[in-house]
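Take a look at the structure below.
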Amino acid sequence: MLENVNLKRKLSAEEFSRVLPGLQRRFYDLEKVCWDHRIRSVFVFEGWDAAGKGSCISTVTQRLDPRGFKLHAITAPRSFERSRPWLWRFWLRVPDQGEMAIFDQSWYMRVLHDRVEQAVPEKVWKAAYSDIVDFERMLHDDGTTVQKFFLHISRKEQERRFRKISEDPLESWRITKEDWARHKKYPEYLLATEEMLERTDTAEGPWNIIEATNRRWAKVKILTTLIATLEHRLGPKAPPRESSEEAAASDADLRIAMESFDDSEENQDA
């Protein structure tokens, strides 16, 4: 599956600057209507280390009303969490009515990190596939919209990003020995990811593979997918789109404010 992904897809800085404000504004409008109609949603971000999950989440949430979403950065479970059913800590993070819950990593750590690093026995991570599918189906049946994104980059690109970050004295702390150790296991993680995508891609919780070599392309594709998902969920309740002239006027000030942001994005993709 992943070997057929075109990782050369990219978007110019000019096109990114042109389309991003409108996408962010539309996503904000949909957030408000979901809040008004008490529609829940769960958005999961998984992907390779240094693939840009945090950067994409930042762009996605940049113009949202912070009262309407909660961001959950998931790490290894704490000792008291290990004493409970393994999905317990995620049930606690299920969104309230009208809210968006955004996960920077998620329950998929069980079938990725825990599997490859042998943190749990084989029978445990194998059983997790059905647990995950059941969990997401229950969310869906309760009216929650679920979308999942896997940010994909090549092994060579991951190494390039690791080295670039490591050479920056202000950013080098972000790359640890554990990151490099996982990089060496790229083939094992690739195998685990392929099986994860195959066994947990369902109508209730679909996967979206994001070509993340170019961060601008990744962000626009993610926002476009989220907007289409919520428009479909809302149906006739979705707010009408503004005319092109109204949209251009609304976006003008934001484009000026984003010029420095666009420059930093271009440097990251250089």
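Give me the pairs: first residue in the range 159-170 and aromatic (Phe, Trp, Tyr), second residue at pLDDT 95 or above and not in a loop (DSSP other than H, G, I, E, B), beta-carbon distance under 8 Å, and six or more apart or on different chains, which are they?
Pairs that qualify, where the first residue is aromatic (Phe, Trp, Tyr) and the partner is at pLDDT 95 or above and not in a loop (DSSP other than H, G, I, E, B), are Phe162/Asp179; Phe162/Trp180; Phe162/His183.
Asp36 fails exactly one of the following numbered conditions: (1) farther than 21 Å from His232 by Cα; (2) among the acidic types (Asp, Glu); (3) in contact (Cβ under 8 Å) with a residue 12 or more places away in the chain. What is the number of that condition?
(1)
Restricting attention to the range 61-109, and to residues there that are more than 24 Å from Tyr189 (Cβ to Cβ) and β-branched (Val, Ile, Thr), which single residue is surrounded by the fewest Cβ atoms within 10 Å (Cβ to Cβ)?
Val94
Select from the range 1-55 the residues that are over 25 Å from Met138 (Cβ atoms), touching a strand residue (DSSP E or B) at 6+ places or on another chain (Cβ under 8 Å) and of a type in the set (Phe, Trp, Tyr) and list them in ascending order.
Trp48
What pairs come up if the first residue lies in the range 65-78 and is closer than 22 Å to Ile39 by Cα, the second is at pLDDT 95 or above and among the basic types (Lys, Arg), and their beta carbons are under 6 Å apart, counting only those six or more places apart or on different chains?
Here the result reads His72/Arg93, each pair linking the range 65-78 to a residue that is at pLDDT 95 or above and among the basic types (Lys, Arg).
Take the range 110-130 and flag every residue that is among the charged types (D, E, K, R) and surrounded by 17 or more Cβ atoms within 10 Å (Cβ to Cβ).
Within the range 110-130, Arg110, Asp114, Arg115 meet the criteria.
Here is a check on your reading of the model: is Leu254 modelled with pLDDT of 95 or more and hydrophobic (A, V, I, L, M, F, W, C)?
no
Being among the polar types (S, T, N, Q) and within 24 Å of Thr61 (Cβ to Cβ) is the filter; apply it to the range 98-143 and report the residue that is farthest from the chain's Cα centre (by Cα).
Ser106
Out of (1) small (Gly, Ala, Ser); (2) within 22 Å of Thr213 (Cα to Cα); (3) surrounded by 15 or more Cβ atoms within 10 Å (Cβ to Cβ), what's the single condition that is false for Ser12?
Here Ser12 meets the rest and fails (3).
Report those helices (runs of 4 or more DSSP H) wholly inside the range 31-97 carrying at least 3 residues which are modelled with pLDDT of 95 or more and either within 11 Å of the chain's Cα centre (by Cα) or closer than 24 Å to Asp201 by Cβ (or both).
By residue number, 53-61, 88-91.
The values are calculated or read from the model by the stated rules, or taken from the named source; none is laboratory data. Here the structure is a predicted model, which means the values were calculated and not measured. Backbone-built Cβ (ideal geometry, glycine too); neighbour counts: all protein chains shown.
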